[in-house]
1. Give me the lysines in straight-line cross-link reach of Lys44: C-alpha distance below 21 Å, same-chain residues under 8 apart excluded.
2. Of (1) 51, 22, 18; (2) 55, 27, 15; (3) 35, 22, 18, which one was derived for Cα extents along the principal axes in Å from the structure shown?
3. Obtain the nm distance between the two label points defined at Asn73 and Asn32 by a simple spin-label model: each point lies 7 Å from its Cα along the Cα-to-C-beta direction.
4. Residue separation times 0.36 nm, minus the C-alpha to C-alpha distance between Glu83 and Ser25: what's the value?
5. Per residue, what accessible area does the chain have, given a 1.4 Å probe and all protein chains present, in Å²?
6. With a cut-off of 20 Å, note down the residues of the stretch 1-33 whose backbone N falls inside the zone around a label point 7 Å from the Cα of Asp53 toward its beta carbon.
7. For the chain, give the magnitude of the charge dipole about the Cα centre (Cβ charges: +1 Lys/Arg, -1 Asp/Glu; no others), in debye to the nearest 20.
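The values are calculated or read from the model by the stated rules, or taken from the named source; none is laboratory data. All figures in this text were calculated on a predicted structure; none of them were measured in a lab. Note that each Cβ is placed from the backbone with ideal geometry, even for glycine, and that neighbours are counted across all protein chains shown. The area values use the complete protein model at the heavy-atom level, side chains included, leaving out ligands, DNA and RNA. Shrake-Rupley method; radii C 1.70, N 1.55, O 1.52, S 1.80 Å.
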Amino acid sequence: MIVYPNPANNKFIIEMKSDIDYSGSIVISDINGKTIYQSDCTIKKGISTSYVDCSAYDAGAYFISIISQEGNNPFKPIKLIVE
């Protein structure tokens, strides 16, 4: 998983590369672990891209995770800085 731009101002892109198709959720948490954004997503074999508007987020650090329907995290969480 790649997140750019990082640091972000108004929006950022999440790019995920997978060897299989599956459904899950994009979860963004603040530094205290509180979920501030969650959206269903479908990851297709190859590269999938999601765009997220972060213009209403407070400046600071956030963690982005992809959670599959089975409850596992197929990608390592990524730290995002919002300016």
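1. In chain and number order, the partners are Lys17, Lys76.
2. Among (1) 51, 22, 18; (2) 55, 27, 15; (3) 35, 22, 18, the one derived from this structure is (3).
3. Each label point lies 7 Å from its Cα, and together they span 2.0 nm.
4. Numbers: separation 58, 0.36 × 58 = 20.88 nm, distance 2.43 nm.
Stretched fully, the Glu83-Ser25 segment lengthens by 18.4 nm.
5. Details: 5080 Å² over 83 residues.
Heavy-atom SASA per residue in the chain reads 61 Å².
6. 4-6, 8-15, 26-30
7. Working: 7 positive and 9 negative charges, 33 e Å.
Charge dipole of the chain: 160 debye, to the nearest 20.
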